[in-house]
Structures are given as structure tokens and as C-alpha cells.
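First the structure, in the form of C-alpha cells, and then the observations on it.
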Amino acid sequence: MSDSLDILRRVFGYPSFRGPQEEIIDHLTGGGDALVLMPTGGGKSLCYQIPSILRPGVGVVVSPLIALMQDQVDALLQAGVRAAFLNSSQDFAAASEIERRLRTDELDLIYVAPERLLTERFLGVMDFLHDRGRLALFAIDEAHCVSQWGHDFRPEYIQLSALHQRYPAVPRIALTATADTLTQQEIISRLGLDEARIFISSFDRPNIRYTVVERDNPRRQLLDFLAGYRGAAGIVYCLSRKKVDETAEWLNQQGIAALPYHAGLDAGTRQLHQQRFLREDGIVMVATIAFGMGIDKPDVRFVAHLDLPKSLEAYYQETGRAGRDGEPAEAWMTYGLNDVVIHRMRIEESVAGEEQKRVERSKLDALLAWCETVACRRALLLRYFSEEAGACGNCDTCLDPPELWDGTVAAQKAMSAALRTGQRFGAGHLIDVLRGKATEKVQQFGHADLPTFGAGAELDEAGWRSVFRQLLAAGLLQADAQAYGALRLMDAARPVLKGEATLSLRKQARRMASKKSAPATRRSGDGPALAAADAPLFDALRAWRAGLAREQGVPAYVILHDKTLRELAVRRPVSATDLLDIPGIGQAKVDRYGEALLRLLGDPIPP
């Protein structure tokens with residue numbers, strides 16, 4: 001048995017490696033640099049944790065979030081690994097004690113924020129360790145933060161190139177769950193990883209179901225969706241702080257335990273809400289994108305978007321917070337025409353250079369095309385990350401394929417209305433013209449006298465909004481951010497407008513007000529199913545774990561994951577040796593919890 005496999009089994013309690021984990025670990029342990037692209041929940045942490053234990057000295061892990069550091073360290077301590085963190089939440093005495101332990105070889109891993117890592121004080125500690133051959137490796141987590149094109153750019157990450165310049169012989173590993181080709185190139189360039197081996201795992205998260213619905217009544221739609229996830233943990237993303245606060249308050253009124261999270265809240269409130277989300281069952285976090293990066297909660301059952309994210313890359317990153325445990329989860333989004341206008345305006349009004357704006361427009365276009373696709377959503381999402389896949393059978397377009405219709409004439413009417421009104425108006429006004437609604441604005445501009453006035457009476461307002469969304473997604477129209485979302489024709493519109501090309505559109509989805517979301521079905525095949533006879537024992541194990549978590553002040557999943565409890569309930573081990581066969585239970589957890597677990601497993605559970 002290899003040393004790395006021995007640690008995986010003895011310390012972390014897993015029988016075998018997944019995907020390229022072992023190859024990455026062997027490469028890093030041997031002193032090589034690596035860039036690792038692995039989906040959330042794919043086991044990235046083990047790729048640097050095991051080499052840090054195997055190599056002499058301490059592994060230095062650069063992590064951007066305080067909450068993530070604490071959770072990772074709590075989990076390592078539960079497994080018997082000597083780990084600690086350094087960040088701004090600690091006072092001088094606590095930080096000095098950690099530094100002392102570093103200097104005296106009492107730690108295998110140290111988690112540190114990038115701004116702390118690059119201080120003269122901490123560089124002095126690392127110089128001390130380096131001179132004695134006690135720097136095992138550098139792990140740069142959430143490496144996409146180095147990319148100026150990315151959605152989580154952190155300026156301090158660019159300075160991490162100094163690590164290679166100062167300690168050229170210390171191996172480095174950069175890890176991220178999401179990076180398109182442009183972001184990968186920037187990570188390599190800015191961190192000086194030109195000689196690094198690149199390990200790219202499949203980006204597929206087969207346990208996540210993808211669903212996009214046309215925005216109708218978003219609160220009712222969200223409530224219908226959440227009906228399938230009562231008592232489950234989840235995240236609801238909104239674009240604005242105001243919408244976050246209002247949505248969280250409204251969900252609480254509906255009997256759903258919801259907390260707001262955004263940058264406008266004071267640091268103490270944000271920390272409290274994040275801790276409650278991590279440590280309590282069934283909390284729904286309503287948040288802006290300020291929340292989520294590095295959140296290690298494995299049992300998030302859904303991620304819902306009430307507004308369009310910035311890009312497919314951002315969408316993949318945000319939805320990847322669901323189903324980290326491999327169990328069924330769902331990514332649900334409601335989306336409308338106004339989202340496109342808002343994002344275009346944000347891009348054009350930003351202080352970014354023209355090249356960055358061009359990249360952001362391109363990423364938004366790719367997201368719109370994904371929203372309006374009639375093909376498999378998963379296949380299209382994976383193709384964006386240069387991975388080919390067939391139809392998945394676990395997204396809305398696979399499970400309920402949209403119908404197509406010849407939308408050529410409708411497209412011609414829509415584009416003609418935009419042209420005849422001078423390309424100065426948004427979709428709402430154009431729809432009024434097409435449907436023959438003589439509103440005050442329509443009459444003010446004389447648009448009731450146009451040939452297109454009333455030419456689109458065959459479609460209702462929702463039908464025309466669907467047409468305009470698809471024309472935007474297809475690149476035939478563009479929302480002019482400088483003119484408050486006025487729709488302008490693109491060059492690609494000319495063949496359709498002239499009748500030289502036809503256009504197929506997806507039919508507007510049927511409105512089903514009472515339809516409830518059915519939780520995504522298991523596809524990962526991980527772990528045994530829970531029979532009715534095992535459910536009481538599983539509940540008892542969860543209650544036991546919750547009590548321990550409260551006593552220790554840690555999230556419940558840090559002690560044992562739900563998947564591990566399910567295995568215990570189904571397999572019912574009767575000895576310490578049997579416990580070691582349960583995935584997620586290593587020797588330290590047997591030593592700490594084995595007696596209590598065996599007693600609980602041996603006691604008859606009342607019906």
C-alpha cells in the first residue's frame with residue numbers, strides 16, 4: 001500500500017482515491033507544481049492535505065475566507081491532523097501562539113489569508129521554516145481569484161507570485177472549481193505556473209438538476225419550487241441588497257427559516273448568519289454573490305437564482321455549492337428580459353477598460369444562449385468548459401423537452417417594430433405597439449400610426465417577451481445600455497428580416513401555477529439508499545451528532561457527514577474494526593466517537 005493511500009484510509013477514512021487525486025498527490029509529494037481544476041465536492045482539499053502530511057514540514061494553504069479556514073481546520077482536527085489558521089479574527093496572543101507552534105514543528109497545515117501571508121512578520125516565519133527545510137508546500141485555493149476577467153477577482157492574489165520568487169524550490173498547487181480557458185491562462189501567467197502540470201477533472205456534477213423558468217410571478221414561482229425542499233438547506237441568490245432583505249423577510253413570513261447576507265450588513269451580522277447557515281439544519285440563505293465562495297457545507301440541497309448571474313462561469317461556481325455530498329440537488333433559476341438590460345447597463349457603466357467590457361459582453365451572451373437553449377443544459381454548460389457530453393436526462397430540457405415553432409414571421413415583426421420606432425425603445429414599448437395597445441406613450445410618439453401597430457395580436461405579452469429574449473440570446477437584437485435598454489438590430493438580423501433565413505424559436509412554457517418542484521433524483525450512485533426501517537436509527541444518529549456539534553461549537557458535518565451516518569444506519573457495524581470500514585471514519589474518529597457510536601448502534605430504536 002502506498003503512503004498516500006495509507007493516510008487516506010487511516011486518517012480520512014476513505015477506501016480509495018477518486019479521479020486524478022492520487023496522481024496529483026504523488027506529483028506534489030515528489031516536488032512538482034500543479035494547477036488543479038476539479039468540481040466542487042470533487043475532493044480538491046485532499047490533494048494538498050495528504051502531501052502536507054507526507055512531506056517534511058508544514059503545508060501553507062492560502063485561503064480567501066475566514067469561515068472556510070475555520071471549517072477546514074475543524075474538520076482536520078476531528079481527523080487527528082495537526083492544523084491551525086491565521087487570520088484577522090484572532091488577537092495578538094492567539095496569533096503568536098500559532099506562530100510558535102509553526103516554529104517548533106507542531107503543525108502539518110497552516111491556513112492563512114493572502115494579505116496575512118505577505119506581511120513581513122509572516123514572511124519572516126516562512127524564511128525561518130525554509131532555512132530549516134520545513135516548508136512542505138504552498139496551496140493556493142480558489143485560484144480563480146487571481147483573474148481580472150473573473151467574477152471573484154482579489155487584487156492581493158496577484159502578489160502571490162512572490163512565493164515562487166522567494167522560495168523557488170517549494171512545490172505549489174493552485175486549485176479552483178471553475179475556470180474557463182481565459183481564466184486558466186491568467187492563473188498560469190500571474191502565478192508563474194508555466195512549468196506546472198495541469199490536471200483537469202470532468203466539470204460534470206451529475207447529481208445536480210438544472211432548471212430555468214421564465215419569470216412570471218417570481219415569489220410564487222420560488223415558493224412553488226421550495227415546496228419540494230421543506231426543511232432543507234439552500235441558497236437563494238439575488239442581484240441587489242434590497243431584494244435580498246425583502247426576500248428573506250418574505251420567506252420567513254411564509255414559514256421558511258431564511259437569513260439575509262450581503263456586503264451592506266455589518267461584519268458581525270454576516271458572521272452570525274454564516275455560522276447559523278453552516279451549523280443549523282434547514283436554513284435558507286438569501287444572498288448576493290458576496291456569499292458562498294469556499295462554503296464547505298455538504299448538504300446544501302438547492303441553489304436558486306432570482307436574478308441572472310453575470311456569466312456561465314459565475315453560475316457554475318454558485319450552483320456548485322449545492323450537493324457537495326454527492327446526493328441529489330437542484331439548481332433553479334427564474335429569468336426575464338429585464339435581467340439582460342440590467343447586466344448590459346452594468347457592463348457599459350463600469351470603469352473597466354474596453355477589452356474587459358468586451359470579454360464580459362461575450363460571457364453574458366454565452367449565458368443568455370444557455371438560458372434559451374432547447375438542447376441539454378448540462379451538455380452546453382460542459383461545452384463552455386471545453387468538455388463534450390451527451391444529453392444528461394437530469395435537466396429541464398431533457399426531462400421536459402421544449403417545443404419549437406417557426407418564429408420567422410414573429411421575429412420579423414419584432415425587429416420591424418424596433419426599426420420603425422427608431423431603435424430607441426425597450427421591449428415593453430415595442431410589445432405595446434405590436435399588440436395594438438394605444439398607451440399614452442405609444443400615442444405620444446405617434447406609434448399608433450405605424451404599420452406594425454397591432455400586427456402582433458396573435459401573441460400575448462408573455463409570448464412576445466419570450467420572442468424578444470430569444471432574439472437577444474441569438475444575437476439578432478442587442479439592448480443598448482446607453483439608451484436605457486433600447487433594442488437595436490445587429491448585423492445577424494438582416495437575413496431573417498429580409499426573409500433570406502428562417503428562425504426556430506422555443507414555445508413559451510406552459511404556466512402551471514400549482515406545479516411543485518420534484519427534488520432531483522439520485523444519479524451519483526454514492527452510498528446505500530435509506531430504507532424505512534433504517535430511518536429511525538439515521539434520525540437518532542443525526543440527533544447525537546447535533547448534540548456533539550453544539551458542545552464543540554462546530555458544524556455538524558465536520559464531525560460526520562450525512563452520507564457516513566446513512567452508511568452507519570444501513571450497515572450497523574458492531575466493532576471498532578467494522579467502523580473503520582465506513583467511509584468518512586478514520587482512526588481518530590474511532591478513538592474519539594467509536595464507543596458512543598457502537599452503543600447507539602446496538603441500542604434498539606423505539607418505533
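The values are calculated or read from the model by the stated rules, or taken from the named source; none is laboratory data. All of these numbers come straight from a predicted model, not from anything done at the bench. Counting neighbours? That spans all protein chains shown, and the Cβs are built from the backbone with ideal geometry, glycine included.
Determine whether segment 514-533 contains at least one residue that is out of contact with any Cys (no Cβ under 8 Å at 6 or more places or on another chain), under 19 Å from Glu372 (Cα atoms) and either polar (S, T, N, Q) or at pLDDT 85 or above (or both).
Quick first cut of segment 514-533, residues out of contact with any Cys (no Cβ under 8 Å at 6 or more places or on another chain) only: 514-533.
If we keep only those that are under 19 Å from Glu372 (Cα atoms) too, we end up with none.
Looking through segment 514-533, none of the residues is out of contact with any Cys (no Cβ under 8 Å at 6 or more places or on another chain), under 19 Å from Glu372 (Cα atoms) and either polar (S, T, N, Q) or at pLDDT 85 or above (or both).
Would you say Asp33 is of a type in the set (Asp, Glu) and within 25 Å of the chain's Cα centre (by Cα)? Before you say what the answer is, go through the steps one by one.
Working: of a type in the set (Asp, Glu): yes; within 25 Å of the chain's Cα centre (by Cα): no.
It is false that Asp33 is of a type in the set (Asp, Glu) and within 25 Å of the chain's Cα centre (by Cα).
Find the strands (runs of 3 or more DSSP E) located wholly in segment 390-493 whose residues include 2 or more that are out of contact with any Cys (no Cβ under 7 Å at 6 or more places or on another chain) and surrounded by fewer than 17 Cβ atoms within 10 Å (Cβ to Cβ), and list them. Spell out how you get there, then give the answer.
Details: elements: 404-406, 477-480, 486-489.
Qualifying strands (runs of 3 or more DSSP E): 404-406.
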* Asked: In segment 61-94, what count of residues is obtained for those that are over 22 Å from Val558 (Cβ atoms) and surrounded by 18 or more Cβ atoms within 10 Å (Cβ to Cβ)?
  -> 0
* **Near pairs, Cβ below 9 angstrom, 6+ apart or cross-chain, from segment 210-231 (within 20 Å of Asp400 (Cβ to Cβ) and in contact (Cβ under 8 Å) with a residue 60 or more places away in the chain) to any residue that is aromatic (Phe, Trp, Tyr) and assigned to a helix (DSSP H, G or I)** => Thr211/Phe225; Val212/Trp370; Val213/Phe225
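Can you tell me how many residues within segment 367-389 are of a type outside the set (A, V, I, L, M) and not in a loop (DSSP other than H, G, I, E, B)?
Let us first name the residues in segment 367-389 that are of a type outside the set (A, V, I, L, M), namely 370-373, 376-378, 383-388.
Remaining after also requiring not in a loop (DSSP other than H, G, I, E, B): 370-371, 377-378, 383-384.
The number of residues fulfilling the criteria is 6.
Let's see how each residue does on (1) part of a loop (DSSP other than H, G, I, E, B); (2) at negative phi; (3) not assigned by TED's automatic domain parsing to the domain that holds Leu175:
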site: Arg9; (1), (2), (3): no, yes, no
site: Gly19; (1), (2), (3): yes, no, no
site: Glu23; (1), (2), (3): no, yes, no
site: Leu28; (1), (2), (3): no, yes, no
site: Gly32; (1), (2), (3): yes, yes, no
site: Thr40; (1), (2), (3): yes, yes, no
site: Gly43; (1), (2), (3): yes, no, no
site: Pro56; (1), (2), (3): yes, yes, no
* Looking at Ser240, is it surrounded by fewer than 18 Cβ atoms within 10 Å (Cβ to Cβ), out of contact with any Pro (no Cβ under 6 Å at 6 or more places or on another chain) and within 30 Å of Asp562 (Cβ to Cβ)? -> no
* Would you pick out the residues in segment 58-85 that are part of a strand (DSSP E or B), touching a residue at least 40 places away in the same chain (Cβ under 8 Å) and over 24 Å from the mean Cα position of the chain (by Cα)? -> Val58, Gly59, Val60
* To do: Mind counting the residues in segment 239-291 that are of a type in the set (Lys, Arg), closer than 18 Å to Phe225 by Cβ and more than 21 Å from the chain's Cα centre (by Cα)?
  => 0
* To do: Only residues that are at pLDDT below 95 and of a type in the set (A, V, I, L, M): list them for segment 237-264, please.
  => Leu239, Ala263
* Asked: Based on what the data block shows, is Leu117 under 24 Å from Ile66 (Cα atoms), in contact (Cβ under 8 Å) with a residue 40 or more places away in the chain and not charged (D, E, K, R)?
  -> yes
* Structure fact -> Counting only strands (runs of 3 or more DSSP E) entirely within segment 189-261, those with at least 1 residues that are farther than 27 Å from Ala391 by Cα and hydrophobic (A, V, I, L, M, F, W, C) are 197-200, 233-237, 258-261
* **helices (runs of 4 or more DSSP H) within segment 556-607 that include 2 or more residues of a type outside the set (A, V, I, L, M, F, W, C)** => 562-571, 576-579, 587-602
* To do: Please find, among Asp307, Asp296, the residue that is at pLDDT below 85, assigned by TED's automatic domain parsing to the domain that holds Tyr229, under 18 Å from the mean Cα position of the chain (by Cα) and on the phi < 0 side of the Ramachandran plot.
  => Asp296
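Could you list, in sequence order, all residues of segment 421-436 that are more than 10 Å from Arg488 (Cα to Cα) and either of a type in the set (Val, Ile, Thr) or within 43 Å of the chain's Cα centre (by Cα) (or both)? Steps first, answer last, please.
Step one: of segment 421-436, the residues more than 10 Å from Arg488 (Cα to Cα) are 421, 427-436.
The answer is Thr421, Ala427, Gly428, His429, Leu430, Ile431, Asp432, Val433, Leu434, Arg435.
Select, from Arg301, Arg321, the only residue that is outside the structural domain of Asp141 (by TED's automatic domain parsing), surrounded by 20 or more Cβ atoms within 10 Å (Cβ to Cβ) and within 25 Å of Gly264 (Cβ to Cβ).
Step by step, each of Arg301, Arg321 is checked, and only Arg321 is outside the structural domain of Asp141 (by TED's automatic domain parsing), surrounded by 20 or more Cβ atoms within 10 Å (Cβ to Cβ) and within 25 Å of Gly264 (Cβ to Cβ).
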* Assuming Pro15 fulfils every condition listed in (1) assigned to a loop (DSSP other than H, G, I, E, B); (2) out of contact with any strand residue (DSSP E or B) (no Cβ under 7 Å at 6 or more places or on another chain); (3) surrounded by 16 or more Cβ atoms within 10 Å (Cβ to Cβ) apart from one, which condition is it? -> (3)
* Kindly list the number of the only condition in (1) more than 30 Å from Glu280 (Cβ to Cβ); (2) in contact (Cβ under 8 Å) with a residue 12 or more places away in the chain that fails for Phe153. => (2)
* Asked: Which residue pairs have Cβ atoms closer than 7 Å, lie 6 or more positions apart in sequence or on different chains, and pair a first residue in segment 543-564 that is over 17 Å from Lys297 (Cβ atoms) with a second residue that is surrounded by fewer than 18 Cβ atoms within 10 Å (Cβ to Cβ)?
  -> Trp544/Leu600
